[in-house]
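A short worksheet on the structure shown next.
No value in this document is a laboratory result; all are computed from the given coordinates. None of these values were measured; they are calculated from a predicted model. Please note: Cβ atoms are built from the backbone with ideal geometry, for glycine as well, and neighbour counts cover all protein chains shown.
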Amino acid sequence: MITKSQIDTEKLRANAPFFARVLAVNNTEQTLLFTLENLGRLPKGFDGEVFLPLFAHSNPKIRCLAVKNVGKLKDEAFFEAVSSFARAEKNTLSRREAVSAIGRLKTEKAIPVLSQFLTDPDPKIILQAVRGLLCFKEHPEVQQCLTPLCEHPNELLREHVTQALAPVRASESIAHSRRKLPHSISPTFLKNVVVCADVSEALQTIPAESVHLTFTSPPYYNARDYTIFESYEAYLEFLVAVFAETHRITKEGRFLVLNTSPVIVPRISRAHASKRYAIPYDIHPRLTEIGWEFIDDITWVKPDYAAKNRNGGFFQHRKPLGYKANSVTESVMVYRKKTDKLLDWNMRQYDAETIEASRILGDYDKTNVWQINPSADKVHPAVFPVELAVRVIQFYSFKGDLVFDPFGGSGTVGQAAMALERYFLLCEKEAEYVERAMQRLDASLFSPEQPPRSLSLAELNTEERRNHKP
Ligand SMILES: C[S@@+](CC[C@H](N)C(=O)[O-])C[C@H]1O[C@@H](n2cnc3c(N)ncnc32)[C@H](O)[C@@H]1O
């Protein structure tokens, strides 16, 4: 049996007879697979001919690895062999490797071959062909064959091609970026502010791309006195309008974290059933539609004692269909403002000192199940725990960022933000809760250079106008 170190040694020695022997088509599948998987980087001048007989092997994994290794050579001599293989290959993984190998050649003669794969049934193969073709995106024939993909049923493909072909209006985007504040900076007039107003109105005053993170728990549909909506649809529409505006005021590629859970609207009499509304599931497709990209679903788990007991009847009668689970969980859904930029781009917008100071040190929750005890407040009936806000803010923002909560309640997000040396911007329509929030924020141990302020809508408008003056 050959070993990895033997493969490495013979590669260095350019021992062609050795590789011809171990990669002979009649060798055992085990030897072939082991060798193909462990070849790693191939040195210049490696004899790629040894792989060609394996293109006809009955094991698709061997065919796939053979063509992958040919691809590593980036040698135009294999263009015809790989193109014929790609056209004939039925296995999608092997076909994809072949199309990738053709693209890696970066040769203009690959354009007609790659174009043939733009109608492949597997979108991943089309994407691979698109990648190869985009090296020549200035060619009119390439633009012509890629343009129809902007209407392709597959969403990733559509987005990728649309972005890649979008004309770069350089002068416009430079002017826009000159007007914009740098990514890590937010308007000062919004820092450490609690706005006492309806969030739909307050949002109109907040400039685009002002906040770095939104963490919120919206009002539960008609579950408490403080929010009464005419219908569930009206409730969802209200939330969608708020999160569409939140999208506008969020900086490129930054996060929205939403804490919700299904609610029960109690039955109106013993002759009626109660109604359960699956808020997280109903709001999710609406959020993705308005440009929030789904990132993660975290489940906040509370101890059993925290759940309202729904088992009374079932505990007695034990009849099927009557089972009702006590709910000890809430959803913490994570979304990112859709962008073609990677997270690395967002991280690069901060200086080394800020990145260092924002690192999450020590132990942290590695799964998407977070066990956190609930909290209660003497004034507000539905607060979330500071610990939940601390985790979200730590994971999804940097020091000095502006954290927004459109449904600020008693100010939990503000308290956590201040403790973590971030700024906060809260909105809350009930004066009583704003007062409570200010008590909590003023009592905070930290004395930031931007002391907490509460503003009415009119005051916020005045501040915004002042902010615009040169
Ligand atoms: C679930 S509570 C948030 C509690 C908060 N997370 C805390 O820990 O204190 C939702 C809050 O949204 C507020 N609210 C409801 N509709 C609003 C609106 N249109 N504008 C601003 N606040 C609103 C309610 O008064 C309530 O305080």
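One decimal place: the segment Ile228-Thr9 gains 71.4 nm when fully extended, by the rule 0.36 nm per residue minus the C-alpha distance.
Which GluC sites (Glu not before Pro) in the range 90-161 pass both tests, a DSSP loop state and at most 11 other beta-carbon atoms within 10 Å? Sites meeting the loop and neighbour criteria: Glu138. Size descriptor for the chain, Kirkwood hydrodynamic radius: 26.8 Å (Cα pairs only, one decimal). Extension gain for Glu37 to Glu108 (0.36 nm times residue separation, less C-alpha to C-alpha distance): 22.6 nm. For the pair Thr28 and Glu289, label points projected 7 Å from Cα toward Cβ lie 5.8 nm apart. For the range 1-54, the set of chymotrypsin sites (Phe, Trp or Tyr not before Pro) satisfying both a DSSP loop assignment and a count of at most 12 other C-beta atoms within 10 Å is empty.
The Cβ shell under 10 Å around Ser358 holds other residues with a net charge of -1, Lys and Arg each +1, Asp and Glu each -1.
Let me check I've understood the local charge: for Val199, count other residues with C-beta under 11 angstrom from its C-beta, Lys and Arg +1, Asp and Glu -1. What total comes out? Working shown, then result.
Working: positive: Lys429; negative: Asp198, Glu201, Glu245, Asp405, Glu428.
Around Val199, the surrounding residues sum to -4.
Here the Karplus curve 6.51 cos²θ - 1.76 cosθ + 1.60, taken at θ = phi - 60°, turns the phi angles of the range 206-211 into couplings of 8, x, 4, 6, 9, 10 Hz, with x standing for Gly and Pro.
Estimated at 0.36 nm per residue, the fully extended path between Ala352 and Arg21 surpasses their Cα-Cα distance by 113.9 nm. Under 5 Å between amide hydrogens, built in the peptide plane, is the criterion, and for Cys427 it picks out Val195, Asp405, Phe407, Gly408 among residues at least 5 positions away or on other chains.
Whole-Hz Karplus values for the range 230-244 come out as 5, 8, 5, 4, 4, 4, 5, 4, 4, 4, 4, 4, 5, 7, 6 Hz, taken residue by residue from phi with 6.51 cos²θ - 1.76 cosθ + 1.60 and θ = phi - 60°; glycine and proline positions read x.
In percent, how large is the relative contact order of the range 187-468, given Cα pairs closer than 8 Å and 6 or more residues apart? Kindly include the intermediate steps, with their values, before the conclusion.
Numbers: 497 pairs, mean separation 80.9, N = 282.
Over the range 187-468, the number comes to 29 percent.
Residues whose amide H comes within less than 5 Å of that of Leu213, counting only those at least five positions distant or on another chain, are Leu402, Phe404 (H built at 1.01 Å from N in the peptide plane).
Gly71 sits among other residues whose Cβ lies under 9 Å from its own Cβ, and their net charge, with Lys and Arg +1 and Asp and Glu -1, is +3.
Could you work out the relative contact order of the chain? I mean the mean sequence separation of Cα pairs under 8 Å and 6+ apart, divided by the number of residues, in percent. Could the numbers behind the result be given before it?
On the way: 704 pairs, mean separation 66.2, N = 470.
It comes to 14 percent, rounded to a whole number.
For a quick check of your reading of the filter: which trypsin sites (Lys or Arg not before Pro) in the range 44-85 sit in a DSSP loop and have no more than 16 other Cβ atoms within 10 Å? Of the trypsin sites (Lys or Arg not before Pro), the ones in loops of the range 44-85 whose Cβ has at most 16 other Cβ atoms within 10 Å are Lys44, Lys74.
If I take R0 = 60 Å and measure r between the Cβ atoms of Glu430 and Ser84 in this structure, what FRET efficiency does the formula 1/(1 + (r/R0)^6) give, to the nearest 0.05?
0.25
Computed from phi, the 3J(HN,Hα) profile of the range 107-114 under the Karplus parametrisation 6.51, -1.76, 1.60 (θ = phi - 60°) reads 10, 5, 5, 7, 4, x, 5, 4 Hz, with x in place of Gly and Pro.
Using the Cβ-Cβ distance between Gln143 and Glu252 with R0 set to 22 Å, the FRET efficiency from 1/(1 + (r/R0)^6) comes to roughly 0.25. A crude spin-label estimate for the pair Ile360 and Asn461, with each label 7 Å from Cα along the Cβ direction, gives 4.1 nm. Here each label is just a point 7 Å from Cα along the line to Cβ, and for Val240 and Arg310 those points are 2.6 nm apart.
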